[in-house]
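First the structure, in the form of structure tokens, and then the observations on it.
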Amino acid sequence: MEMRRLGRTGLSIAPLVFGGNVFGWTADEKTSFPLLDSFFEAGFNAIDTADAYSTWVPGNRGGESETIIGKWLKQSGRARDSAIIITKVGSELGPDRKGLSRRWILQAVEDSLTRLQADYIDLYLSHWPDPDTPCEETLAAYDSLLSQGKIRAVGASNLDAAQLREALDVSAASGLPRYAVLQPEYNLYDRASFEGPLRNLCIAEDIGVITYFGLARGFLSGKYRSHKDLEGSARGSGVERYLDGRGMRILGVLDEIADETGAKQAEVALAWIMTREGVTAPIASATNLQQMASLIRATELELSDEAIRRLNDVSD
């Protein structure tokens, strides 16, 4: 399988990252273990999670996803270095358990390591910008963790071009670690925030890009085409905004290309992301083995130049 260099991290990843946001939410522990087994047996090597997954589920406190991944790593018998673990800090877990202060980062990383049953995290991300904490303080905290070997590389999620530029400038001026990876939202429907200055900056600075919501919260699977389809769905409120004319036009072209290639709409949507300039790999989730098989097929799907052009045009 083709491996892609992840910016300047020294890490190489397969062209798809498994999204662990479903663990402890729509996939319990019993369901999650076979999914992870299948993913790694197919030659993939990276899992994305966060300390806040999945606080939105009633009764959860956060850390449920990391806990499941840690249990799986222990029982699988796999060498720790066979898995690239990506997790994040910064989302709110409680009144004094949020943000990117040095105090919280140093506590949060220990909590994540405990849940993951691991000695180190391969890639540690700032989950959201923190306007209350100077960038120097955050990067200095990461510097301490890097020197202790508790993390191997750092990155950020949800930064715009100006925020990323500022962080890179602070790193250069202060001799602190630089963000080597960006995790932006990006899919056929949501293109504008990444394409343009942010993508150009990532390319110019050799920053790895792992995109999230590649299927637009499931909308690009073609499963949701009306408000009625959302009834009883755990993703209903997040998908509703895509049910407009533009969303339907995008689905129409996905339907056409799926018919032409024999692939599923979700496979076409993910394969499109894998062709995009500046993107290292998309994140995608599965809650059953059939969905997992489909994700794997997406990495094997070669879209024609004409199919890519049609997808570009309808989603521009």
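The values are calculated or read from the model by the stated rules, or taken from the named source; none is laboratory data. The structure presented is a predicted model; accordingly, all values stated were derived computationally and were not measured. Counting neighbours? That spans all protein chains shown, and the Cβs are built from the backbone with ideal geometry, glycine included.
Residue check, A140 against (1) under 25 Å from Y53 (Cβ atoms); (2) touching a Leu at 6+ places or on another chain (Cβ under 8 Å), all met but one. Which one?
It is condition (1) that A140 fails.
Condition check: crowded, with 16+ Cβ neighbours inside 10 Å, closer than 30 Å to S32 by Cβ and touching a Phe, Trp or Tyr at 6+ places or on another chain (Cβ under 9 Å). Does M274 satisfy that?
Criteria not met by M274.
Restricting the search to region 222-262, which residues are out of contact with any helix residue (DSSP H, G or I) (no Cβ under 6 Å at 6 or more places or on another chain), of a type in the set (A, V, I, L, M, F, W, C) and at pLDDT below 90?
A234, the sole residue that qualifies.
How many residues does region 19-43 contain that are farther than 17 Å from G63 by Cα and within 16 Å of the chain's Cα centre (by Cα)?
Summing the residues that are farther than 17 Å from G63 by Cα and within 16 Å of the chain's Cα centre (by Cα) in region 19-43 gives 2.
Given (1) free of Cβ contacts under 8 Å to residues at least 40 places away in the same chain; (2) farther than 21 Å from Q183 by Cα; (3) not in a helix (DSSP H, G or I), identify the lone condition not met by I85.
(2) is the only condition that I85 fails.
Going through region 292-312 one residue at a time, which ones are in contact (Cβ under 8 Å) with a residue 12 or more places away in the chain and assigned to a helix (DSSP H, G or I)?
Hits for region 292-312 are M292, A293, S294, L295, I296, R297, A298, T299, A307, I308, R310, L311.
Please verify whether region 173-193 includes one or more residues that are of a type outside the set (A, V, I, L, M) and part of a strand (DSSP E or B).
yes
If you go through region 26-79 one residue at a time, how many are loosely packed, with under 14 Cβ neighbours inside 10 Å and closer than 23 Å to P15 by Cα?
Of the residues in that region, 3 qualify.
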